[in-house]
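The values are calculated or read from the model by the stated rules, or taken from the named source; none is laboratory data. The structure displayed is predicted, hence computed values, not measured ones. Please note: Cβ atoms are built from the backbone with ideal geometry, for glycine as well, and neighbour counts cover all protein chains shown. For accessibility, only protein heavy atoms count, side chains too; no ligands or nucleic acids. Shrake-Rupley method; radii C 1.70, N 1.55, O 1.52, S 1.80 Å.
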Amino acid sequence: MIERQSFERGNMKKRLIASIIFMFMLSSLFAYDWNGRYLWVNPTKKDNGGKMKSVEMMVKETKDEWKREIYLLDEDEEYRLFPLIMPSDESFSEWHKYKEDSDVAKTFRYNTDKLNTSPFSPGKWLLKEIRSEGDKSIMEVTVSAFNMKVGITITFAFALDENGKEQLTFWLDTDLAMANGMFFKNPESDSDGRFVLKKQ
């Protein structure tokens, strides 16, 4: 009787180990590689004065806590969108003048110019927070214009399409309804204003 119980416990242990190994192999199999170029091509004539005919981004996965770096590719230039400012940088969470002479300000102006649908530009901006939540990279920015501050949340979400192909979805939300109309949204009818970039 004791030998039988010992035998059964041994089998249970082996099955448990086998299950753990199987789950590990399964998770490794589905550990997708998000590195690479992603592209969205505007199929409509609504392109914000020619500024949004397409959007191309480059993703570089890292071992840092924010998991990945995301770059806007345009006119033979790379503009790092995420993290816009590295958390270790002294200027993180500090106000930046919109027209200041710095690499981060250049990136911010370039991206803002592509998405801004109004004739106005902010006077200054501040990177409030960056974080990664699963397959999402999120950045919170505060912009100031005409003595009014607006919070903007920029989200980059990674997922697979119906064919198992990697895609990157990009969108932004503001904490002021009036400000939402000042940013270009995906004009495709079924897009909910979000840009879905396909891995190339």
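Quick notes on this structure:
- Inter-probe distance in nm under a simple model that places probes 7 Å from Cα toward Cβ, at Glu162 and Glu77: 3.8
- Per residue, the chain exposes 63 Å² of solvent-accessible protein surface, assessed with a 1.4 angstrom probe and all protein chains in place.
- Whole-number percent relative contact order across the range 86-200, with pairs defined as alpha carbons under 8 Å at least 6 apart: 19
- Gyration tensor verdict on the range 86-141 (Cα atoms; rounded if a/c is under 1.5, prolate if a/b is larger than b/c, oblate otherwise): oblate
- 0 to 90° range, to nearest 10: angle between helix 2-29 axis and the chain longest Cα axis: 20
- Normalised by the number of residues in the chain, the mean separation of alpha-carbon contacts (under 8 Å, six or more apart) gives a relative contact order of 17 percent.
- Debye intensity ratio in log₁₀ form over the Cα atoms of the range 103-200, taken at each q of 0.13 Å⁻¹: -0.51
- Cα gyration tensor shape of the chain, rounded if a/c is under 1.5, else prolate or oblate by comparing a/b with b/c: prolate
- Whole-percent carbon and sulfur share, accessible surface of the range 47-200, 1.4 Å: 46
- Nearest 10 degrees, 0 to 90: helix 103-115 Cα axis against the chain principal axis: 80
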